[in-house]
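Before anything else, here's the structure in question.
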Amino acid sequence: MTPNRASLQARHRSVLPDWLALYYDEPIEITHGEGRHVWDADGKKYLDFFGGILTTMTAHALPEVTKAVSEQAGRIIHSSTLYLNRPMVELAERVAQLSGIPDARVFFTTSGTEANDTALLLATAYRRSNQILAMRNSYHGRSFTAVGITGNKGWSPTSLSPLQTLYVHGGVRSRGPYAALSDAEFIDACVADLRDMLGQTRGVAALIAEPVQGVGGFTAPPDGLYARFREVLKEDGILWISDEVQTGWGRTGEHFWGWQAHGQSGPPDILTFAKGIGNGMSIGGVVARADVMNSLDSNSISTFGGSPITMAAGNANLSYLLEHDLQGNARRVGGLLIERLRAVAAGAAAVREVRGRGLMIGVELVRPGTDEAAPDAAAAVLESCREQGLLIGKGGGHDTSVLRIAPPLSLTVAEAEEGAAILERALREVS
Ligand code: PMP
């Protein structure tokens, strides 16, 4: 490690919290990027298959976004929600229309956590209940309320909470007590579990779920599960919150929102988003039916939420995404990449499963010949990829043994092929 990098790492360690983990034995400092590539402070170039945790959605240094941000910065960066804000109204109109929620209202925040916190505030106020259903193995953010509904203990540092949370089966298809069932039986078992649980509660406010669990290792139920849940929830007026922080904006290829794989019973009552829409500018938000959104009878603001500069970025980024059909690109290139990785997995004993859709692909690793999680192997693959010039992520519920692959949605076929070849070598090494 260069002395410069070692000293920055030491300064990081001495001034930032211990729980703010860094990737790699020798952490890297990313200094600039372009397209699907980034460079570190030593000048090494990487193909970026993680996009700063699924956040660089279109591309690094996308000229359209950079121009919109710098032009807006030259006019005004901040005004607050006390004044009319044209870029915010414009982005809200577009998101409301895209959301699929009828008579939708949009509230902008600065993060996914705050978006989910708002969704919980709305649902609990609307329903006058502090009971929330969440999925096992879920992740919804880092605030006090968000960790209280996060089913992944690795990311939930306290069990104290103003909410009473009940955890439902269904987010993880290939592990747990229902793993051996067929898709139809799996859904029936999860619905029966939900009904059983509801029979023992009174006045639950909402169910919150990620259509594809992100931090949990890109796991998902069979398509249609949440539509079946929705029918049960509707019987008691319980709201459905879809956390689209990772799955939104076409990343899953087949759908613009993750909930659309479960859309048979209509859209969710509340949808939360963040990450990709700002391409790195801090935008989060919540969309809800007007009666739900307007159910708060006090004022509420987010000083930074919807600031002109982040909204300018969001509008430019969204236009680029839609005009270049990046959802279609995610479907096509993601489809090729997943097929290629499945072929690699067939010859790599450490791979238990390759799963996901679009450009949201998980590769679960185990100790060869067993079903035991292999966090060491996942760490070794990350190191090997990094050596070879590829950045990927990792995650997973009870351990961290799932590789997470989520490049910007403009990924080209040649880049997918290049990344797959690097992953193939890394997976062979650990198998
Ligand atoms: N929900 C999901 C599904 C997420 O993946 C995340 C972030 N990883 C969050 C919420 C929280 O978002 P943020 O880090 O922007 O607060």
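Matching residues to (1) crowded, with 21+ Cβ neighbours inside 10 Å; (2) in contact (Cβ under 8 Å) with a residue 40 or more places away in the chain; (3) in contact with a strand residue (DSSP E or B) (Cβ under 8 Å, 6 or more places away or on another chain):
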{"residue": "ILE338", "(1), (2), (3)": "yes, no, yes"}
{"residue": "ARG342", "(1), (2), (3)": "no, no, yes"}
{"residue": "ALA346", "(1), (2), (3)": "no, no, no"}
{"residue": "VAL354", "(1), (2), (3)": "yes, no, yes"}
{"residue": "ARG357", "(1), (2), (3)": "yes, yes, no"}
{"residue": "PRO368", "(1), (2), (3)": "no, yes, no"}
{"residue": "ASP371", "(1), (2), (3)": "no, no, yes"}
{"residue": "ILE392", "(1), (2), (3)": "yes, yes, yes"}
{"residue": "ALA421", "(1), (2), (3)": "no, no, no"}
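Checking THR303 against (1) open to solvent by 10 Å² or more (accessible area, probe 1.4 Å); (2) among the polar types (S, T, N, Q); (3) not in a loop (DSSP other than H, G, I, E, B), only one condition comes out false. Which one?
That leaves (3) as the condition not met.
Would you confirm whether or not region 200-211 contains a residue that is surrounded by fewer than 23 Cβ atoms within 10 Å (Cβ to Cβ), among the charged types (D, E, K, R) and within 16 Å of the ligand (Cβ to nearest atom)?
Taking every residue of region 200-211 in turn, none turns out to be surrounded by fewer than 23 Cβ atoms within 10 Å (Cβ to Cβ), among the charged types (D, E, K, R) and within 16 Å of the ligand (Cβ to nearest atom).
In addition: Where residues in region 38-52 are touching a Gly at 6+ places or on another chain (Cβ under 9 Å) and either free of Cβ contacts under 8 Å to residues at least 40 places away in the same chain or of a type in the set (Ser, Thr, Tyr) (or both), which of them is most open to solvent (accessible area, probe 1.4 Å)?
Looking at the filtered set, the residue picked out is TRP39.
Only one residue in GLY176, GLY199, GLY214, GLY151 is more than 23 Å from the chain's Cα centre (by Cα) and among the small types (Gly, Ala, Ser), so which one is that?
GLY199
Tally the residues that are open to solvent by 10 Å² or more (accessible area, probe 1.4 Å) and either in contact with a Phe, Trp or Tyr (Cβ under 8 Å, 6 or more places away or on another chain) or under 28 Å from PHE50 (Cα atoms) (or both), restricting the search to region 270-290.
Matching residues across region 270-290 total 5.
Sticking with this structure for a sec: Quick one: which strands (runs of 3 or more DSSP E) lie wholly within region 41-160 and hold at least 2 residues that are within 16 Å of the ligand (Cβ to nearest atom) and over 20 Å from TRP19 (Cβ atoms)?
Here the list reads 104-109, 131-135.
Same structure, new question: Got at least one residue in region 14-27 being assigned to a helix (DSSP H, G or I) and closer than 28 Å to TRP155 by Cα?
Yes: one or more hits.
Kindly evaluate THR145 against the criterion of being at pLDDT below 95 and either in the same structural domain as ASP269 (by TED's automatic domain parsing) or within 24 Å of the chain's Cα centre (by Cα) (or both).
No, not satisfied.
Would you check which residues across region 235-264 are polar (S, T, N, Q) and either within 19 Å of MET293 (Cα to Cα) or open to solvent by 10 Å² or more (accessible area, probe 1.4 Å) (or both) and list them?
SER242, GLN246, GLN260, GLN264, listed by residue number.
Condition test on GLU231, is it within 16 Å of the ligand (Cβ to nearest atom) and either open to solvent by less than 50 Å² (accessible area, probe 1.4 Å) or free of Cβ contacts under 8 Å to residues at least 40 places away in the same chain (or both)?
no
The values are calculated or read from the model by the stated rules, or taken from the named source; none is laboratory data. Computed from a predicted structure; not experimentally measured. In this analysis, Cβ positions are derived from the backbone assuming ideal geometry, glycine residues included, and neighbour counts consider all displayed protein chains. The accessibility values were calculated without ligands, DNA or RNA, using every heavy atom of the protein model including side chains. Shrake-Rupley method; radii C 1.70, N 1.55, O 1.52, S 1.80 Å.
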